[in-house]
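Here the structure comes first, spelled out in structure tokens, and everything after it is commentary.
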Amino acid sequence: MELASKYNPAEVESKWYKYWMDNNLFASKPDGREPYCIVIPPPNVTGVLHMGHMLNNTIQDILVRRARMLGKNACWVPGTDHASIATEAKVVNKLAAEGIKKTDLSREEFLKHAWEWTDKHGGIILEQLKKLGASCDWDRTCFTMDAVRSESVLKVFVDLFEKGLIYRGVRMVNWDPKALTALSDEEVIFKEQQGKLYYLRYKIVGEEGYAVVATTRPETILGDTAMCINPNDEKNAHLRGKKVLVPLVNREIPVIQDEYVDVEFGTGCLKVTPAHDVNDYMLGEKYNLETIDIFNDNGTLNDHGAQYAGLDRFDVRKQIEKDLVEADLMEKVEAYTNKVGFSERTDVPIEPKLSMQWFLKMEQLAKPALDSVMNDDIKLVPAKFKNTYRHWMENVKDWCISRQLWWGHRIPAYFLPQGGYVVAETPEQALEIARQKSGDANLQLSDLRQDEDCLDTWFSSWLWPISVFDGINNPENEEIKYYYPTNDLVTGPDILFFWVARMIISGYEYRNEMPFENVYLTGIVRDKLGRKMSKSLGNSPEPLALIETFGADGVRMGMMLAAPAGNDIHFDEALCEQGRNFNNKIWNAFRLVKGWEVDETLSQPESAAIAIKWFDALLNRTIADVNDSMDKYRISEALMEIYKLFWDEFSSWYLEMVKPAYQQPIDKATYEATLGFFDALLKLLHPYMPFITEELWQATYERAEGESLMTQLLPEAKSFDASLIEEVEIAKEIITGVRNVRAQKNIPNKEAVLLEILGEHNANNNPLILKLSNLSGLNVVSEKSTGAVSFLVGTSEYAVPLGNLLNVEEELKKLNEELIYQQGFLVSVQRKLSNEKFVANAKPEVVDAERKKQSDAESKIKSIEESIASLKK
């Protein structure tokens with residue numbers, strides 16, 4: 001197999017990905033081997049690849065490829081998520097651009113458009129993952145709204161309903177006025193906002209005075225049904241038992257008393273709006289207050305909004321401020337900073353709203369999921385996230401699982417004509433139950449009305465590790481019993497509760513065991529300045545363009561060099577360039593080795609024999625280190641260990657140690673050993689850099705059709721001689737010392753030099769030192785030659801006699817210039833240290849640094865003067 005002079009990633013990547021696919025090398029079926037399974041965090045079906053996906057899927061592919069090379073039956077299940085809110089919003093926008101309103105369509109007509117959109121844009125992201133080298137079993141691709149997953153979701157809803165864990169009721173929910181749907185608490189992001197605190201005057205009925213209330217939301221006074229004071233608040237005692245008038249609308253409301261009111265906040269008077277504040281709702285329930293909902297679903301005011309009906313809530317806030325000032329009902333306005341809840345999906349402020357919704361009781365379900373993480377049955381990597389997880393699980397609230405959307409799994413609840421409802425997996429089953437419940441055998445399907453709402457998207461993805469193996473519909477099937485529980489989950493800490501905790505809950509509820517053993521939590525990908533990547537900042541590179549520029553292996557390596565678990569990734573394209581340079585280094589090293597001519601009659605030089613023993617020891621030490629790092633999920637560290645072994649040791653040292661002289665052949669034993677090392681290095685690198693390693697492995701020897709590096713076993717760590725590694729390190733220091741002398745004194749490498757040794761020296765590695773330093777000899781002496789340049793390695797001194805190798809006149813000129821510079825530098829440092837003010841006022845460490853500069857300069861001057869004196873002899 002002829003290798004091109006330059007590595008061309010695009011050509012190599014497309015060739016080998018096709019080869020892997022054609023030979024079905026990613027496929028997995030249950031067999032007698034140990035299974036290793038990862039389920040992909042399903043990206044939005046209409047999404048496209050971004051840097052977070054690149055990082056997440058690179059890590060998953062590394063883990064899967066490594067497991068495959070450890071002899072396990074590796075199965076990586078791909079799939080996509082229907083993403084109710086995001087996808088419906090895209091379809092609504094697309095229809096709006098065509099002049100069609102969602103409200104003008106029936107549910108069936110809208111869903112037809114949604115499926116067309118999904119079929120057209122869905123799955124693009126999975127095709128993009130192939131460019132990255134993702135070794136998923138693509139035949140297993142799932143979609144959260146495909147037939148098997150949909151059946152699973154409805155089955156679970158019915159089961160939980162029958163267990164009494166799902167209920168329907170009017171509750172205060174987080175309402176998204178843009179998406180027009182309820183949200184769970186986890187979908188609300190609180191942001192600090194600069195706002196105003198308005199002090200409003202409420203006229204006391206039957207008196208001249210006013211009660212003043214501080215609020216951040218003056219527009220909600222139209223829904224006020226009480227004022228509340230703290231019974232222990234003496235300053236507001238005169239309001240007990242009174243009534244006040246709501247400003248502008250002059251509606252009478254009672255003054256109630258409850259210790260919930262914070263005496264220190266504002267004036268100690270609280271306006272109570274049960275329809276639009278969670279805490280006010282609880283007061284309303286407690287004191288049986290009227291509830292007045294003033295908002296339409298889209299955030300405009302309804303008829304309860306009096307003269308403001310039809311206006312947007314924020315426009316009303318501006319107008320009502322003016323009107324209150326005009327009516328002399330505004331005491332004052334102050335600047336105020338508070339935290340406001342925003343919709344995670346649409347980024348608009350949410351509206352607390354009383355709404356009929358479906359909920360899942362969480363307290364009972366959450367306990368085994370909390371215990372399993374706290375007991376380390378499921379390990380979070382890094383473990384620092386355990387506390388965050390514990391806090392959430394111990395304070396878990398019932399999950400609002402209904403969404404006022406059409407795109408998603410429709411809630412399988414059916415309302416009866418005479419009132420009440422039934423829950424069933426299919427309309428036919430619902431009719432059967434409805435006939436029994438109502439006692440009306442003549443009831444028809446057309447008499448039943450199915451709930452309009454959809455289930456929260458997470459209600460399907462929380463079943464993902466089970467449903468991808470059809471474990472809900474067929475709990476005893478061969479695949480679920482073989483692959484479940486899965487091994488590793490790779491995801492972001494931002495969905496630790498949305499997704500991870502809920503999967504653990506469903507795992508214990510439906511399989512009575514954990515869904516995965518380890519959760520690797522990635523950090524957020526930021527730019528090199530530490531800013532979060534976003535389109536608006538223009539700091540988010542296009543992943544496919546990066547692959548085009550640097551090659552998939554270069555990008556994978558660049559991502560991993562910056563990606564310690566759980567810490568944010570400061571991504572810089574320079575890292576991808578480093579990855580590409582490493583590809584080129586591997587390529588050129590391989591071409592060098594394959595370019596050597598082998599002479600089977602040659603015996604192996606002693607230097608090569610030492611080099612082989614040394615590198616074998618180093619390789620085994622690195623394999624052990626890599627195994628240890630990977631066992632601890634220190635994936636970046638493991639890659640760096642292999643990188644250093646190849647670049648710093650194999651390429652920079654080993655190949656120099658064994659390569660034959662220019663245009664000379666190499667002996668067979670050394671050549672085969674070198675190819676063996678290359679084979680081991682390619683295997684170690686393959687999980688991280690699959691494309692270039694496959695290309696070179698295929699070119700090492702002739703391979704059979706269908707053979708692949710990805711199914712080879714990783715080299716195992718054998719025992720090694722650590723002292724041998726240390727001895728060669730000393731030899732490398734000696735060789736570097738000689739090379740430094742050559743560089744300083746402009747002695748060409750082709751000129752052989754003598755090396756004198758003063759002190760202890762291990763002669764075992766002399767063949768290496770002689771070869772790599774181009775020495776004419778190695779002599780142990782009691783005194784070094786006059787004019788020799790020396791250096792220390794440990795406590796031993798090594799000297800290179802210069803003899804005729806040095807241009808004395810040129811060297812003296814250079815030394816005198818250096819002497820003048822050092823003397824000038826010393827004078828400037830001494831001037832600073834003789835300044836009493838500086839010494840008295842500067843920090844001690846600054847003064848110490850200057851004193852060190854002084855002693856260093858004095859030492860250099862002495863050394864230069866000695867060199868000048870020896871040259872003048």
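How high is the relative contact order of the range 327-415, in percent, with contacts defined as C-alpha pairs under 8 Å that are six or more residues apart? Mind showing how you got there, number by number?
On the way: 48 pairs, mean separation 26.7, N = 89.
Value for the range 327-415: 30 percent.
Over the chain, calculate the relative contact order: mean separation of alpha carbon pairs under 8 Å at least 6 apart, over the residue count, as a percent.
Relative contact order of the chain: 12 percent.
Taking the solvent-accessible surface of protein heavy atoms with a 1.4 Å probe, what is the per residue accessible area of the chain in Å²?
Details: 40270 Å² over 873 residues.
So the chain comes to 46 Å² accessible per residue, rounded to a whole number.
Cα centroid distance between the range 325-393 and the range 441-498, in Å?
The range 325-393 and the range 441-498 have Cα centres separated by 24 Å.
Net charge near Gly79: determine it from the other residues with C-beta under 15 Å of the C-beta of Gly79, scoring Lys and Arg +1 and Asp and Glu -1.
Charge balance near Gly79 sits at -4.
Just to confirm a number: summing +1 for Lys and Arg and -1 for Asp and Glu over residues other than Leu546 whose beta-carbon lies under 15 angstrom from that of Leu546, what do you get?
Counting the neighbours of Leu546, the net charge comes to -4.
What aspartates and glutamates does Lys386 reach when the alpha-carbon gap must be under 15 Å and sequence neighbours fewer than 8 apart in one chain are set aside?
Asp371, Asp376, Asp377, Glu394, Asp494, Glu517
Give the residue list of GluC sites (Glu not before Pro) in the range 430-494 that are DSSP loop and have at most 16 other beta-carbon atoms within 10 angstrom.
Listed in order of number, the matching sites are Glu452, Glu476.
Top to bottom by accessible area (1.4 Å), largest first, where do Arg171, Arg65 land?
Ranking Arg171, Arg65 by accessible area, largest first, yields Arg171, Arg65.
Setting aside same-chain residues fewer than 8 positions from Lys72, which aspartates and glutamates have a Cα under 12 Å from its Cα?
Here the aspartates and glutamates satisfying the reach criterion relative to Lys72 are Asp31, Glu34.
Mind checking which of Leu758, Ala211, Thr181 is farthest towards the positive end of the chain's charge dipole, using Cβ charges of +1 (Lys, Arg) and -1 (Asp, Glu) about the Cα centre?
It is Leu758.
Quick check: net charge around Glu865, other residues with Cβ under 12 Å of its Cβ, Lys/Arg +1 and Asp/Glu -1?
Once all neighbours under 12 Å are counted, the net charge is 0.
Please report the Cα spread of the range 67-213 along all three principal axes, rounded to whole Å, starting with the longest.
Here the spans come out as 86, 44, 40 Å, largest first.
Pick the calculated Cα extents along the principal axes in Å for this structure from [x] 116, 80, 52; [y] 114, 73, 50; [z] 97, 71, 66?
Recomputing Cα extents along the principal axes in Å here picks out [x].
Mind scanning Lys101/Lys271; Lys94/Lys322; Lys745/Lys860 and naming the pairs with a C-alpha gap bigger than 27 Å?
Violating the 27 Å Cα-Cα cut-off are Lys101/Lys271; Lys94/Lys322.
In a solvent-free Debye calculation with one equal scatterer on each Cα, what is log10 I(q)/I(0) for the range 291-410 at q = 0.10, 0.15, 0.23, 0.24 Å⁻¹, listed in the order of the q values?
-0.58, -0.95, -1.37, -1.39
Hey, could you grab the Kirkwood Rh for the range 802-873? Inverse mean 1/r over distinct alpha carbon pairs, Å, one decimal. Let's see the in-between values first.
Numbers: mean 1/r = 0.0719 Å⁻¹.
Result for the range 802-873, one decimal place: 13.9 Å.
Once you have a ≥ b ≥ c as the square roots of the Cα gyration tensor eigenvalues for the range 118-204, tell me rounded if a/c is under 1.5, and otherwise prolate or oblate according to whether a/b is larger than b/c. List each step's numbers first, then the result.
Working: a/c = 3.73, a/b = 1.66, b/c = 2.25.
In terms of gyration-tensor shape, oblate.
Over the range 455-598, what lengths in whole Å, largest first, do the semi-axes of the equivalent ellipsoid take, defined as the square roots of 5 times the eigenvalues of the alpha-carbon gyration tensor?
39, 24, 12
Need the list of aspartates and glutamates near Lys437 for cross-linking: C-alpha distance under 17 angstrom, and skip anything on the same chain fewer than eight residues off.
Straight-distance partners of Lys437: Glu162, Glu425, Glu428, Asp447.
On a 19 Å Cα-Cα criterion, which of the cross-link pairs Lys659/Lys732; Lys18/Lys130; Lys191/Lys528; Lys191/Lys397; Lys594/Lys750 come out too long? Mind showing how you got there, number by number?
Values: Lys659/Lys732 16 Å; Lys18/Lys130 10 Å; Lys191/Lys528 25 Å; Lys191/Lys397 21 Å; Lys594/Lys750 25 Å.
The answer is Lys191/Lys528; Lys191/Lys397; Lys594/Lys750.
Round to a whole number: what % of the accessible area of the chain belongs to carbon and sulfur, probe 1.4 Å?
After summing per-atom areas, the C and S share lands at 49 percent.
The values are calculated or read from the model by the stated rules, or taken from the named source; none is laboratory data. Since the model is a prediction, treat every value here as computed from it, not as a measurement. No Cβ is skipped: glycine too gets one built from the backbone with ideal geometry, and neighbour counts run over all protein chains shown. All accessible areas refer to the heavy atoms of the entire protein, side chains included, with ligands and DNA or RNA removed. Shrake-Rupley method; radii C 1.70, N 1.55, O 1.52, S 1.80 Å.
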